[in-house]
Amino acid sequence: MSRTDTATGRAPANAERRYEVTRAQLPLSCPTPAMALWNSHPRVYLAVEATGSATCPYCGAVYVLKD
């Protein structure tokens, strides 16, 4: 989540196809709490701990656990 909206301080939702997350960011949801929700899909929680990665069923974004 490299880009942020200067007005809201939040990253745009679903702007990337791959996101790296840390254990500190768990539980993982898409969109994440740091993303703007106004133009996104409903929030869905993703189980990334068991396999180290998860794909959002709505937008196809891949989340990879990096630690």
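The values are calculated or read from the model by the stated rules, or taken from the named source; none is laboratory data. In this text the structure is predicted, and so the values were computed from the model without any measurement. FYI the Cβ positions are ideal-geometry reconstructions off the backbone, even for glycines, and counts take in every protein chain you see.
The residues of region 1-60 that are β-branched (Val, Ile, Thr) and modelled with pLDDT of 70 or more, listed by number, are VAL21, THR22, THR32, VAL44, VAL48, THR51, THR55. For region 41-67, a residue qualifies if it is under 11 Å from the mean Cα position of the chain (by Cα) and of a type in the set (S, T, N, Q), and exactly one does: THR55. Reported count of residues in region 44-66, each being β-branched (Val, Ile, Thr) and touching a Gly at 6+ places or on another chain (Cβ under 7 Å), is 1.
Within region 19-31, residues that are surrounded by fewer than 19 Cβ atoms within 10 Å (Cβ to Cβ) have Cβ atoms under 7 Å from residues that are hydrophobic (A, V, I, L, M, F, W, C) and assigned to a loop (DSSP other than H, G, I, E, B) in no pair, counting only partners at least 6 apart in sequence or on another chain.
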